[in-house]
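Encoded as structure tokens, the structure appears first; notes follow it.
The values are calculated or read from the model by the stated rules, or taken from the named source; none is laboratory data. Everything quoted here is computed from the prediction, not taken from an experiment. Note that we place each Cβ from the backbone using ideal geometry, even for glycine, and neighbour counts take in every protein chain shown.
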Amino acid sequence: MDIQTILDNVKIERLNAMQEAMCATFARNADDVVLLSPTGTGKTLAYLIPLALSLRAGVEGVQAVVLVPSRELALQIEQVFRSMGTGFAVMSCYGGRPAMDEHRAMRSLSPAVIVGTPGRMDDHLGKRNFDPSTVRTLVIDEFDKCLEFGFHDEMAEVIGRLPSLRRRVLLSATDAEEIPSFTGLGRAVKLDFLEPAAASPRLRVFRVSSPVKDKLETLFRLLCCLGGEQTLVFCNHRESVDRVGQYLRSMKMPCETFHGGMEQDVRERALYKFRNGSCPVFVSTDLAARGLDIPDIRHVVHYHLPPGEESFVHRNGRTARWEAEGNAYLILHPEEELPAYVKPEPDEFRFPSPLPAPPLPAFVTLYFGKGKKDKINKVDIVGFLSKKAGLKRDEIGRVDVKDHCAYAAVVRSKCKQTLKLVQNEKIKGIKVLIEPAK
């Protein structure tokens with residue numbers, strides 16, 4: 001296995017400068033590494049590639065542990081590692097599902113890499129569900145978030161239970177003022193690819209004035225002006241996310257909500273709809289500000305002012321990624337002042353007259369009641385929709401297949417016809433419930 005083979009498997013032509021520096025540093029010496037790079041620049045591949053190349057074939061036990069702050073990021077990293085086609089097993093561990101199921105998976109998979117949240121990883125190590133003495137590499141992704149107050153005890157327990165660590169790799173889109181001593185970080189190479197404090201030239205920032213303290217109507221009017229392009233709306237509190245989502249739906253604005261208080265399957269379903277273009281508006285806490293792989297976000301809206309500059313940077317990092325352009329909007333009511341860290345002075349957003357109607361997304365998500373455990377994959381679903389519903393390739397969007405269900409995006413104009421044509425049809429001889437995703 002070499003780098004080019006991995007790049008071919010993940011369908012990327014070449015590494016960027018940051019990824020090349022990371023791979024070279026990892027291979028050149030055994031020092032710890034701290035990598036700082038903006039959101040959306042490919043940090044996951046930057047460390048997974050050299051990590052995979054460092055794994056030893058024929059060695060039993062877990063060789064590397066990756067700690068992350070959220071379930072979604074754990075799942076995303078697991079998926080990326082699998083797509084690399086290394087031949088090494090990987091699995092993710094996180095709260096919200098039975099730890100016993102994960103333990104059984106560990107015994108059957110014998111993973112070389114485990115990706116997990118601090119609490120769940122601490123639980124497995126405390127129960128000796130895998131042998132920690134074989135772990136040589138520890139990666140802490142989004143380390144500034146993982147090391148925030150509240151994670152310290154769990155992080156310290158996890159790291160203290162890994163006695164054979166030879167290398168630590170820390171990654172983030174923002175630097176931390178101080179790295180706690182319990183990380184055990186030794187002599188480290190620091191790779192700093194962060195841009196200067198000034199905003200990216202590809203990002204335009206606008207000030208949106210709300211005439212009253214309650215910004216709901218102003219937000220709705222703004223979203224009507226964005227033409228159905230992928231938009232991420234940030235709120236500071238879970239209750240606010242729910243309130244904003246409820247209001248937008250009452251105004252016939254398609255949207256999904258996302259925060260840590262929601263059930264995992266509901267959060268995953270919301271992500272599917274946003275990623276596949278069947279929902280243009282995604283309302284979230286800062287949980288969506290980092291880690292999640294959500295491509296093609298055009299607009300970021302700060303419904304509430306960010307808690308600080310770091311949050312502002314991470315939120316805006318969801319758009320204007322790679323070479324793309326994007327816009328950020330700060331909605332301010334009369335009693336709010338623009339934070340000092342927002343420089344230069346944003347342009348004032350002007351509402352057009354008349355106001356456009358709420359946009360309808362181009363795609364609709366269909367739910368399939370069978371998945372991987374039923375031997376159904378993406379190719380099966382695409383072929384089924386093409387053959388039974390007569391859909392062309394460009395009329396089928398993203399397809400996501402889970403263990404026991406699947407989701408597929410189809411063009412809105414063909415949704416009703418599709419549901420009618422596939423009624424009572426079977427996929428690979430299996431009767432499957434197919435309906436609009438709730």
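Could you tell me which residue of the stretch 24-42 is surrounded by the fewest Cβ atoms within 10 Å (Cβ to Cβ), considering only residues that are in contact with a Phe, Trp or Tyr (Cβ under 9 Å, 6 or more places away or on another chain) and not aliphatic (A, V, I, L, M)?
42
Condition check: in contact with a helix residue (DSSP H, G or I) (Cβ under 7 Å, 6 or more places away or on another chain), buried (at least 22 other Cβ atoms within 10 Å of the Cβ) and aromatic (Phe, Trp, Tyr). Does residue 88 satisfy that?
no
Would a scan of the stretch 400-415 turn up a residue that is part of a helix (DSSP H, G or I), of a type in the set (D, E, K, R) and out of contact with any Lys or Arg (no Cβ under 7 Å at 6 or more places or on another chain)?
Yes, there is a match, as at least one residue in the stretch 400-415 is part of a helix (DSSP H, G or I), of a type in the set (D, E, K, R) and out of contact with any Lys or Arg (no Cβ under 7 Å at 6 or more places or on another chain).
Could you grab me the full set of residues in the stretch 158-179 that are within 22 Å of residue 27 (Cα to Cα), surrounded by fewer than 19 Cβ atoms within 10 Å (Cβ to Cβ) and either free of Cβ contacts under 8 Å to residues at least 40 places away in the same chain or not charged (D, E, K, R) (or both)?
Listed by number, the residues that qualify are 164, 165.
Scan the stretch 132-154 for residues that are in a loop (DSSP other than H, G, I, E, B) and modelled with pLDDT of 95 or more and report the count.
2
Scan the stretch 205-216 and tell me whether some residue there is touching a helix residue (DSSP H, G or I) at 6+ places or on another chain (Cβ under 7 Å), farther than 27 Å from residue 397 by Cα and buried (at least 19 other Cβ atoms within 10 Å of the Cβ).
Yes, the stretch 205-216 has at least one match.
Just checking, which of 99, 112 is outside the structural domain of residue 266 (by TED's automatic domain parsing), of a type in the set (Gly, Ala, Ser) and buried (at least 22 other Cβ atoms within 10 Å of the Cβ)?
None of the others qualify; the one that does is 112.
Any residue in the stretch 13-35 that is assigned by TED's automatic domain parsing to the domain that holds residue 146, among the hydrophobic types (A, V, I, L, M, F, W, C) and under 29 Å from residue 259 (Cα atoms)?
Yes: the stretch 13-35 contains one or more residues that are assigned by TED's automatic domain parsing to the domain that holds residue 146, among the hydrophobic types (A, V, I, L, M, F, W, C) and under 29 Å from residue 259 (Cα atoms).
Quick one: which of 19, 4 is in a helix (DSSP H, G or I), without any contact (Cβ under 8 Å) to a residue 40 or more places away in the chain, crowded, with 20+ Cβ neighbours inside 10 Å and not charged (D, E, K, R)?
19
Restricting attention to the stretch 82-131, which residues are farther than 17 Å from residue 157 by Cα, touching a Phe, Trp or Tyr at 6+ places or on another chain (Cβ under 8 Å) and in a strand (DSSP E or B)?
Answer for the stretch 82-131, where residues must be farther than 17 Å from residue 157 by Cα, touching a Phe, Trp or Tyr at 6+ places or on another chain (Cβ under 8 Å) and in a strand (DSSP E or B): 90, 113.
Does any residue in the stretch 331-349 that is touching a residue at least 60 places away in the same chain (Cβ under 8 Å) come within less than 7 Å, Cβ to Cβ, of a residue that is surrounded by 15 or more Cβ atoms within 10 Å (Cβ to Cβ) and assigned to a loop (DSSP other than H, G, I, E, B) six or more places away or on a different chain, and which pairs are these?
Within 7 Å, the pairs are 331/210; 331/215; 331/303; 332/210; 333/210; 333/215.
If I go through the stretch 416-438 residue by residue, how many of them are surrounded by fewer than 12 Cβ atoms within 10 Å (Cβ to Cβ) and part of a loop (DSSP other than H, G, I, E, B)?
Counting residues in the stretch 416-438 that are surrounded by fewer than 12 Cβ atoms within 10 Å (Cβ to Cβ) and part of a loop (DSSP other than H, G, I, E, B) gives 5.
For the stretch 205-244, which positions are within 16 Å of residue 360 (Cα to Cα) and either assigned to a helix (DSSP H, G or I) or not assigned by TED's automatic domain parsing to the domain that holds residue 317 (or both)?
Scanning the stretch 205-244 gives 220, 221, 222, 223, 224, 225.
Kindly indicate the residue of the stretch 338-372 that is hydroxyl-bearing (Ser, Thr, Tyr) and part of a loop (DSSP other than H, G, I, E, B) and also farthest from the chain's Cα centre (by Cα) among those meeting that condition.
Filtering first and then ranking leaves 353.
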